[in-house]
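In what follows, a single structure is set out as structure tokens and then discussed.
The values are calculated or read from the model by the stated rules, or taken from the named source; none is laboratory data. Every value quoted in this text rests on a predicted model; they were computed, and no experiment measured them. All Cβ positions, glycine included, derive from the backbone under ideal geometry; neighbour counts span all protein chains shown. Surface areas here come from the heavy atoms of the whole protein model, side chains and all, with no ligands, DNA or RNA. Shrake-Rupley method; radii C 1.70, N 1.55, O 1.52, S 1.80 Å.
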Amino acid sequence: MKPCPCLCAALLSLGAPAALAAEGPEAYALLVGSNRGGPGQAPLQYADDDAARVRDVLVDLGSFPPEHVRLVADPSRRDLLAAFDLLQLALGQERARGVDTEVLFYYSGHARADSLDLGQEELPLSELKARLKGFGATITLVVLDACQAGALSNVKGATPAADFSFNAMNGLNAEGLAVLASSSATELSQESETLGGSYFTHHLLAGLRGAADVDTDGAVTLDEAYGYAYSRTLVDTASTAVGAQHATLETDLRGKGAVILTRPGEAAAQLVLTSELAAEVLVYRENRAAVVAEVHKAAGNPMGLALTPGRYGVLVRQGPVVRECGLRLAEGARTPLDPTVCREVRVRVDAAKGEATVQEADRRLERLMIETGLGGGTLRDTPYTERLEDFSFGRNLLWGNVVMLEGSVAWSFRRNFGAVLTVGDIDSDAWSRDMYTGDDTTSTDRYSWVTWRASLQGRAGLPLAGGWLTPYAQAGLGPAWAVTDWSDQDGGDREVDWGWHLVGAAGLQLMPTVRGWRHVGLYGQVEQSWAPVLVNLMGDRHDSGRFAVIFGLRAGF
Amino acid sequence: MTRAHAFQLTLTVLGITVLSGYSSCGEDLLADPGFDLWCGEDLCSWEVEQGQVEKVPTWDERDEGASLVGPEVAISQSSTATWLDAQCIFFTLLADEDPGASMSLELDFLDDGSVEYDQEIPAEEWENIGFHITTPDWYEGLRFRIHKTGDERAVIAQVRAQVAPSEDCVGAPVVLDDRPDGAQCSASTQCASGVCATLDVLGQWEAESCGACRLDTDCDTGEACGQEYGTQELPHLACGEPSRHALGEACQHDGECSTGICYEGQCAECDGATTCGEGAICDRHPAVEADTDRGLEPYMCDPAAGLRAAGERCLDDADCLSGSCDDHLGSLRLCDSTGRPCDADEECTLWGFEGTCQRLGVYQGTCN
């Protein structure tokens, strides 16, 4: 007696591979990923990757014998038909031996309402249907991740599945055809740069790993997988520019009982999200090589994700707080996730999607920065200072002439861009002259100034090395004012001259991201300003701007 | 080296020092060069000789200059500088004058109203003008004058006259004639008197100064030409009563000495052994006070050999048999630097060298 005619062996058996695949029907899979676009179609980015991920799940987790899984990337019409022929031949041989067969056909690529687009060629859906039916497999599951994929479901006798319906079929022995499509007959299917693949396939695989096991019985049925993939795809695509994407499930199955696709409860390794956890969870392979699953975990029921043993990273987002964990899944172990031991990271706002998503933790965004800097600049000779020399003034070289102070408030409104408000002195100078007043006495005339500025600058930075180093450049303008002080034997006087200035700078920020040292960093920058504020009665103007090198501290919030 | 030679060497060194510039280079000779000192609406340190001056801003409201208002304006300032203070002057002017105005610098080296130096100083758009002036070899009472003509605007921000190193002045010195008696000279045309004579001072050194005569024959009948001391540091030759100088005083000719003999720059009793009695030797009489390396020792016959009888000349009580040298005319005190009569050391400064007023002995003394 065959066990439940689950497609776990045929499709995505994520449990002990030998236990599930050794008995029952022989499972074959033909996986097609086609990035090529036809006339008027832009090439896709991740169709081949999606197909490869499906293969990885089928093969790595032991659901399908590796030799029964064939991946075809960017096939021509002839290549695809040849693959169909080979598969049909293999299935025929199995039937000749009296073995039941289960087939999974997966396609990710371009499609129209009436055909699959294979670059400049196409495969009409009617032909595809005929070939699929011609396999003669016990169960054929078709997964289409393409635009208007639901059009294939217009098969004779096929019944559309209601949304979120479970146990669509009665009976324990299901046979026939099921078509799981990424979108309706009139909708487009979308890829995600963030996920590195299509929304539908990503969520389908996550669901099959265990995220879709809503009744927590350790098995994921076709209906559960569809329901999960439908809702997660709809949520993710609802706010995109393309618009909402509704996955469809059409079945022509005979027999009783739910069609079990996977048994994550029997997986070699499992990550357990506890019942009290309510968070967005992103699971990726070590070193962020690939995103394995992204799930929305609601409080109430535990969720187990079937994974191959190994090292993983997990990002857990609960409201504005994001934490990152690294963990190892051991063979045969169920590893619970404890977010409280994870380190807190920063959330990156994905402006394109309009919502905060959990990104790689090393790309941080300090929203608000308080900065203070100290530096030195060059002294400049201008017509204004030359006039002072004509009037017998000599420059007093003081530390204040060279040292500059500044304080800033920076606001980052996008990942790499922000605005900076800076107040500081950009120029100071002191001059004096001794005048003989007779009777062996002299008096000293003194003249000095400090030029201040308040500038609003735009800043662009490029975080590197996990946010540790950020080279940046900024430029802006604003008011400047020079406070001049005069003193002679008659007393002193102070005046303020107003003007404006331009400033530009380039620098490097060092902001470590180690535990306990997260919000304070250093920066060094070179700066050039232009501030023609001072002008004398003879029309000589002094540019208070100069070249300066500044070092300082930054504190981020 | 004799005492006299040492003195000559010292004076030579002093002379070199003097000729190099007594005052510090860069020293200002004009007070308030920046026109900062105003007494109300008038300049405190400058005299407005002609026209009107107004306080106006220059490069800044707070740094004021002087605007010379009117078609004819002259401002001046007298400096205490003499030929000993500055042999080379660096003059600078920072001013702005419109094309219709003209300014010039005038220097009156005797401050006697006569201008010995007149230089136009064009200054447009706050041009900084500077040049060197080689002063006369002798002057005193220097007055600087800025003279403006023309109706157009002329504003001065700074006028500076600073002592400069002598080697910076390569031009010919300013010609200064009409020098008073006692002024240093090198030609008679420089003297108001028309006489530039060489003086023998204490037999130690020679000076050329303006005076009234060179010889007795240059004077009126009954007058003798001899060394006199006026307001100047240097002595000069002047006509006066014969025999007016006592034994030991500096002299030029015999006729001015009461002894009738002028020897080695001092009125003497003898001019060598030939004028003393048989057996007497003509030699220097030691001055009454010590430290007489300046040579204040007039020649007398055997000043230490024997005592003198009543009525004979004496400088000191020790010269007389009676032990008393009549001093009813007082003591003869002379500057060891010039041999001129004095009452205090301050009167004995010559070219910055501080001499000493020393008591030579009894004035016109005779033994009691």
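May I ask you to verify whether A:Leu81 is over 30 Å from the mean Cα position of the chain (by Cα) and either part of a loop (DSSP other than H, G, I, E, B) or crowded, with 21+ Cβ neighbours inside 10 Å (or both)? Spell out how you get there, then give the answer.
Numbers: over 30 Å from the mean Cα position of the chain (by Cα): yes; either part of a loop (DSSP other than H, G, I, E, B) or crowded, with 21+ Cβ neighbours inside 10 Å (or both): no.
For A:Leu81, the condition - over 30 Å from the mean Cα position of the chain (by Cα) and either part of a loop (DSSP other than H, G, I, E, B) or crowded, with 21+ Cβ neighbours inside 10 Å (or both) - is not met.
Mind counting the residues in region A:518-542 that are open to solvent by 40 Å² or more (accessible area, probe 1.4 Å), within 14 Å of another protein chain (Cβ to nearest Cβ) and among the aliphatic types (A, V, I, L, M)?
Of the residues in region A:518-542, the ones open to solvent by 40 Å² or more (accessible area, probe 1.4 Å) are A:518-520, A:522, A:526, A:528, A:530, A:535, A:537-539, A:541.
Those left that are additionally within 14 Å of another protein chain (Cβ to nearest Cβ): A:535, A:537-539, A:541.
Pick out the ones that are also among the aliphatic types (A, V, I, L, M) and you get A:535, A:537-538.
Of the residues in that region, 3 qualify.
Could you list, in sequence order, all residues of region B:119-146 that are more than 11 Å from every other protein chain (Cβ to nearest Cβ), surrounded by fewer than 18 Cβ atoms within 10 Å (Cβ to Cβ) and in a loop (DSSP other than H, G, I, E, B)?
Selection gives B:Pro122, B:Glu124, B:Asp137, B:Gly141.
Could you grab the pairs with beta carbons closer than 7 Å, sequence gap of 6+ or different chains, first residue in region A:506-522 and of a type in the set (D, E, K, R), second one at pLDDT below 90?
A:Arg515/A:Arg343
Out of all the residues in region B:180-187, is one or more free of Cβ contacts under 8 Å to residues at least 24 places away in the same chain, under 30 Å from B:Gly226 (Cβ atoms) and surrounded by fewer than 16 Cβ atoms within 10 Å (Cβ to Cβ)?
Applying the first criterion (free of Cβ contacts under 8 Å to residues at least 24 places away in the same chain) to region B:180-187 yields B:187.
Now narrow it down to the ones that are under 30 Å from B:Gly226 (Cβ atoms): B:187.
Okay, now just the ones that are also surrounded by fewer than 16 Cβ atoms within 10 Å (Cβ to Cβ), so B:187.
Scanning region B:180-187, I find at least one residue that is free of Cβ contacts under 8 Å to residues at least 24 places away in the same chain, under 30 Å from B:Gly226 (Cβ atoms) and surrounded by fewer than 16 Cβ atoms within 10 Å (Cβ to Cβ), so the answer is yes.
Condition (residue is surrounded by fewer than 16 Cβ atoms within 10 Å (Cβ to Cβ) and part of a strand (DSSP E or B)) applied to region B:197-215: is it met by at least one residue? First the steps, then the outcome.
First pass over region B:197-215, keeping only residues surrounded by fewer than 16 Cβ atoms within 10 Å (Cβ to Cβ): B:198, B:206, B:215.
From what is left, the residues that are part of a strand (DSSP E or B) are B:198, B:206.
Yes, that holds for at least one residue.
Name the residues in region A:437-457 that are out of contact with any Asp or Glu (no Cβ under 9 Å at 6 or more places or on another chain) and within 14 Å of another protein chain (Cβ to nearest Cβ), would you? Please lay out each step first, then the result.
Of region A:437-457, the ones out of contact with any Asp or Glu (no Cβ under 9 Å at 6 or more places or on another chain) are A:439-441, A:454-457.
A:Asp439, A:Asp440, A:Thr441 - these are the residues of region A:437-457 that are out of contact with any Asp or Glu (no Cβ under 9 Å at 6 or more places or on another chain) and within 14 Å of another protein chain (Cβ to nearest Cβ).
For region A:339-396, which positions are among the basic types (Lys, Arg) and at pLDDT below 80? Before you say what the answer is, go through the steps one by one.
So the first thing to find is which residues in region A:339-396 are among the basic types (Lys, Arg), and the list is A:343, A:346, A:348, A:353, A:363-364, A:367, A:380, A:387, A:395.
Within region A:339-396, A:Arg346, A:Arg348, A:Lys353, A:Arg363, A:Arg364, A:Arg367 qualify.
Right, A:Pro5: part of a loop (DSSP other than H, G, I, E, B) and at pLDDT 70 or above or not?
no
Residues that are within 30 Å of B:Gly65 (Cα to Cα): list the strands (runs of 3 or more DSSP E) wholly contained in region A:389-476 that include at least 1 such residues. Step through it out loud before you land on a result.
Numbers: elements: A:403-412, A:417-438, A:441-461.
In region A:389-476, A:417-438, A:441-461 are the strands (runs of 3 or more DSSP E) which contain 1 or more residues that are within 30 Å of B:Gly65 (Cα to Cα).
I need a count of the residues in region B:246-269 that are in a strand (DSSP E or B) and open to solvent by less than 10 Å² (accessible area, probe 1.4 Å).
To start, the set of residues in region B:246-269 that are in a strand (DSSP E or B) comprises B:250, B:257, B:261-263, B:266-268.
With open to solvent by less than 10 Å² (accessible area, probe 1.4 Å) added as a condition, the list becomes B:250, B:257, B:266-268.
Selection size over region B:246-269: 5.
Do you know which of the residues in region A:461-477 that are of a type in the set (Gly, Ala, Ser) and at pLDDT 95 or above is farthest from A:Gly545 (Cα to Cα)?
If we take residues in region A:461-477 being of a type in the set (Gly, Ala, Ser) and at pLDDT 95 or above, then A:Ala473 is farthest from A:Gly545 (Cα to Cα).
Got a number for residues in region B:27-81 being within 14 Å of chain A (Cβ to nearest Cβ), of a type in the set (S, T, N, Q) and under 23 Å from B:Glu152 (Cα atoms)?
The number of residues fulfilling the criteria is 2.
Restricting the first residue to region A:109-120 and requiring it to be over 15 Å from A:Asp48 (Cα atoms), which pairs with a second residue that is among the acidic types (Asp, Glu) meet a Cβ separation below 6 Å and a spacing of at least six or different chains?
Between residues of region A:109-120 that are over 15 Å from A:Asp48 (Cα atoms) and residues that are among the acidic types (Asp, Glu), the close pairs are A:Ser115/A:Glu122.
Does region B:350-368 hold any residues that are touching a residue at least 60 places away in the same chain (Cβ under 8 Å) and either open to solvent by 50 Å² or more (accessible area, probe 1.4 Å) or of a type in the set (D, E, K, R) (or both), and which are they?
B:Trp351, B:Arg359, B:Tyr363, B:Gln364
Failed condition for B:Thr149, given (1) open to solvent by 30 Å² or more (accessible area, probe 1.4 Å); (2) within 14 Å of chain A (Cβ to nearest Cβ); (3) more than 28 Å from A:Thr484 (Cβ to Cβ), with all others met?
(2)
Just one of (1) under 30 Å from A:Thr385 (Cα atoms); (2) within 14 Å of chain A (Cβ to nearest Cβ); (3) without any contact (Cβ under 8 Å) to a residue 60 or more places away in the chain trips up B:Gly100, so point out which.
Of everything listed in (1) under 30 Å from A:Thr385 (Cα atoms); (2) within 14 Å of chain A (Cβ to nearest Cβ); (3) without any contact (Cβ under 8 Å) to a residue 60 or more places away in the chain, B:Gly100 misses just condition (2).
Does B:Gln190 satisfy the condition of being buried (at least 16 other Cβ atoms within 10 Å of the Cβ) and in the same structural domain as B:Leu84 (by TED's automatic domain parsing)?
Against the criterion (buried (at least 16 other Cβ atoms within 10 Å of the Cβ) and in the same structural domain as B:Leu84 (by TED's automatic domain parsing)), B:Gln190 does not qualify.
Taking region A:393-436 as the search range and keeping residues that are open to solvent by 40 Å² or more (accessible area, probe 1.4 Å) and within 14 Å of another protein chain (Cβ to nearest Cβ), which one is nearest to A:Trp530 (Cα to Cα)?
Among those that are open to solvent by 40 Å² or more (accessible area, probe 1.4 Å) and within 14 Å of another protein chain (Cβ to nearest Cβ), it is A:Asp434.
So which of B:Leu360, B:Leu334 ends up being part of a strand (DSSP E or B) and within 21 Å of the chain's Cα centre (by Cα)?
Numbers: B:Leu360 fails: within 21 Å of the chain's Cα centre (by Cα).
Within the list B:Leu360, B:Leu334, the selection yields B:Leu334.
Could you check how many residues of region B:21-51 are open to solvent by 80 Å² or more (accessible area, probe 1.4 Å) and modelled with pLDDT under 50?
Count: 1.
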